[in-house]
Amino acid sequence: MSSTTGSRASSAPTPPFPWVGLVTLSLLVFTSVTSEFLPTGLLPDMARELGVSESQVGILVTVFAGTVVVTAAPLATLTRRFSRKYLILAVLGIFIVGNVLAAVAPNYEVLLVARVIGGLAHGLFWSVVGAYSGHLVPRHQVGRAVAIVSGGGTAAFVLGVPVGTALGHLLGWRVAFAIIAGITLLLTLVTLKFLPPVRHIAPLATGEIALPLRKDKSIPGVVLLCILIVMIITGHNIFYTYIAPFLIGPVGLDEGAVAGVLFLYGGAGAIGVLLAGLLVDRYPRAALAASLVGIMATVLTVGLVPHNPWVAVPAIVAWSIAFGGIPSMVQTRMLHTASARLRDVASAYQTTAFNIGIGGGALIGGIILDYWSITALPFVDIAITASALVLLFVGDRWLHSRARRITPTEPVPTVG
């Protein structure tokens with residue numbers, strides 16, 4: 001009898017790869033990222049109509065990200081027991097409200113409120129979606145699943161932000177926000193129909209005692225990875241937030257050509273995601289280190305020859321290849337580093353780290369823009385990225401040492 005049972009268990013079919021659910025999540029990520037970074041491409045247009053400086057419009061990115069930083073982790077903790085699928089549906093409703101308010105905002109102050117609403121939704125959205133793919137697939141398929149979901153973010157840079165920028169130039173920036181709201185409404189219906197529900201709370205083993213999350217052994221690896229994310233994303237957004245005025249100013253492109261460059265930038269990012277999907281499972285630290293070195297090399301080229309578009313634009317495209325795979329690399333690493341019961345909260349802190357970097361980068365870049373020069377932005381980006389590369393190796397060695405001291409027989413976590 002037992003041999004028959006064992007035979008049946010061993011011959012049980014492997015669950016099919018959840019393509020529909022992952023593609024649905026990827027579409028949601030597309031909309032979310034497009035909404036977050038839309039002001040980047042429309043920065044000059046928005047500044048003109050609202051009668052504010054370009055750095056003030058850049059602050060809209062900071063406000064959005066700052067809201068995420070303050071609210072993501074608390075909201076994730078408060079909603080841990082809620083159904084992941086229906087929580088996503090609720091968040092999409094808030095996204096719609098935020099984008100509609102942005103589209104009709106009569107002044108800069110109301111637009112700020114709209115961005116706060118968007119930030120509230122965005123933080124909780126990423127806290128849930130960041131871990132969702134890990135719930136849909138077994139551990140050995142996490143990297144593949146994350147790459148598919150992250151493809152939505154890449155598509156946002158390939159299509160969402162460039163097309164939104166082009167529509168904003170053609171029809172007005174308010175129309176771009178209204179279209180995002182409409183797309184989000186359609187995707188809410190798609191999510192309701194196609195996204196499979198998941199069990200996100202890991203059951204305790206027999207005799208196991210539930211410990212407070214603060215005592216989880218994976219916390220040091222999660223914290224170090226979050227610090228690394230803050231540094232990488234801060235450096236990146238110091239420069240990227242102001243890429244439109246940089247292209248129009250030092251590079252000397254026409255305003256109408258900005259959308260085309262952003263399209264090339266996004267397409268190049270897709271190559272970065274593909275490379276990450278091929279390399280991150282086999283060479284996690286080396287792939288991330290190589291990406292950081294690539295960022296520094298390409299941004300240095302842009303910084304040294306900004307007035308030659310034949311050099312600067314290809315270098316910006318290469319910069320996107322180097323950076324494109326980093327989000328999926330660090331998200332995959334987070335899902336491997338955090339314990340099963342810490343995944344949702346770890347995803348919230350990862351989201352917080354990303355948005356500290358996004359908002360902090362936009363803020364620091366705005367200060368440099370106002371009080372120094374836009375041509376300094378690439379060099380500040382390089383300095384911070386170099387510091388992140390150092391932390392990658394130092395932090396990894398510290399975690400190895402700590403793991404050997406505490407639990408010499410357990411696998412050693414890494415930050416990269």
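Here, each number is a calculation from the coordinates, and none is a lab measurement. Keep in mind that what you see is a predicted model, and the values were worked out from it rather than measured. All Cβ positions, glycine included, derive from the backbone under ideal geometry; neighbour counts span all protein chains shown.
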* Computed FRET efficiency, Cβ-Cβ of Val394 and Asp370, R0 35 Å: what is it to the nearest 0.05? -> 0.55
* **Residue with peak Gaussian network fluctuation, the chain [Cα springs, cutoff 10 Å], from Ser35, Ser53, Ser373** => Ser373
* Estimated FRET transfer efficiency when R0 is 22 angstrom, pair Val97-Val190 (beta carbons, to 0.05) -> 0.70
* To do: Describe numerically, in nm with one decimal, the distance between label points set 7 Å from Cα along Cα→Cβ at Ile227 and at Ala290.
  => 2.7 nm
* **Helix-only [θ]222 nm of the chain, DSSP H runs n ≥ 4, -39500 (n - 2.57) each, per residue, nearest 500** => -26500 deg cm²/dmol
* **Per-selection metrics, region 32-106 (Cα): Rg and Dmax in Å** => 14.8, 45
* **Computed label-point distance, nm, for sites Leu304 and Leu159 using a 7 Å Cα→Cβ extension** => 3.8 nm
* Inter-part distance where region 80-107 and region 123-192 are each reduced to a Cα centre, Å -> 13 Å
* To do: Quick one: net charge around Leu292, please, counting Lys, Arg +1 and Asp, Glu -1 for every other residue with C-beta under 15 Å from its C-beta.
  => 0
* Structure fact -> If the chain between Phe17 and Glu109 were fully extended at 0.36 nm per residue, the gain over the current Cα-Cα distance would be 28.5 nm
